[in-house]
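In what follows, a structure is listed as structure tokens, so that the remarks can point back to it.
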Amino acid sequence: MTRTLLIPLVSTGNVPQLTTDLVLHSLSKEFQFVKCLDSTYLHPFVGPLDYVFEQQEPVLFNKSNVNKNYSTALELFYNESRSLYVIQQRTPVIQGYLNNFVKEIICPLVQEFKITDVVILDSFGALDEDIVANTSRTSKTNSFYSDAICQVRSVGEVVREMESGLHLNPASEQQSNNNVISTLFQFTNDSVQQEVSTRQQAFKFAYHLLNSPVSELQRIKYCSAFVHEGDNSYDAHLLCDHLPNVIEGFAKINVHTPPISWKGVYGTRPIPTSFDEGIYI
């Protein structure tokens, strides 16, 4: 049985977090709150419970036996009908503590719930130097996504490949500035990315997951969207529609329901349809 854990990385435009909002609130009747996760390594956050525009109560939390009155930085939800666990992360990991976060929070979680598929959502823009991508491919393939998979079956070989890509030898470090691992994830042919850099958050997640005792884990999937900074709510809708290509057995959500928190950030204006002197109107 496939048990999937969806992890949104805090990245350009917060598109993974917005996409997670759409998944949770559009399917709020299917999801239930599981627990707050340890957010020691995240920037502090506390806020009101979120709910959808049409509702005046936080449906996501009503089915839980936990008496919850506010949102925290890191929370876990579960959809039994889809065997899908979803993490919502509202603040970034404190600089220098990403390795601790993955080893001490994420890896034990994968083991506890016997996760078979970890799906990592990411986003990047033209100025993100950590990601090696050929953005010109978007005009040729008409795709802004990068989908890849790491099969967890030859852990020793994969780990050796990853370690060689770290360029721990000063001499080899001078030979390559990209620190690229080309065989860790296998990308689809129409992906904007075709490689994973060791500087990416996704690399750290994969490295520690492959080196931890996660006995049920079979696949690590990576999905990244090429976006531009600004109002990225529309990018989230598009990425949400793309999820069936990444999550096994995940049917397309026909009606997207943003939470009330979007109203304060983006307002309720329609999506811009025209462009005048460099400004969307």
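The values are calculated or read from the model by the stated rules, or taken from the named source; none is laboratory data. These figures come from a predicted structure and were not determined experimentally. Cβ: placed from backbone, ideal geometry, glycine included. Neighbour counts: every protein chain shown.
Against the condition at negative phi, buried (at least 18 other Cβ atoms within 10 Å of the Cβ) and hydrophobic (A, V, I, L, M, F, W, C), how does residue 101 come out, does it pass? Yes: the conditions hold for residue 101.
Conditions (1) modelled with pLDDT of 90 or more; (2) under 16 Å from residue 19 (Cα atoms), marked per residue:
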| residue | (1), (2) |
| --- | --- |
| 183 | no, no |
| 195 | no, no |
| 201 | yes, no |
| 204 | yes, no |
| 257 | yes, yes |
| 266 | no, yes |
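Selection of first residues in the range 17-41 that are under 14 Å from residue 77 (Cα atoms) and in contact (Cβ under 8 Å) with a residue 60 or more places away in the chain and of second residues that are assigned to a helix (DSSP H, G or I) and of a type in the set (Lys, Arg), restricted to Cβ pairs under 7 Å at least 6 apart or on distinct chains, gives an empty result. Among (1) surrounded by 21 or more Cβ atoms within 10 Å (Cβ to Cβ); (2) without any contact (Cβ under 8 Å) to a residue 40 or more places away in the chain; (3) within 26 Å of residue 98 (Cα to Cα), which single condition is residue 70 missing? Answer for residue 70: the failing condition is (1). When residue 121 is tested against (1) over 20 Å from the mean Cα position of the chain (by Cα); (2) assigned to a strand (DSSP E or B), just one condition goes unmet, and that condition is (1). When each of 88, 32, 95 is tested for being of a type in the set (S, T, N, Q) and crowded, with 21+ Cβ neighbours inside 10 Å, the lone residue that passes is 88.
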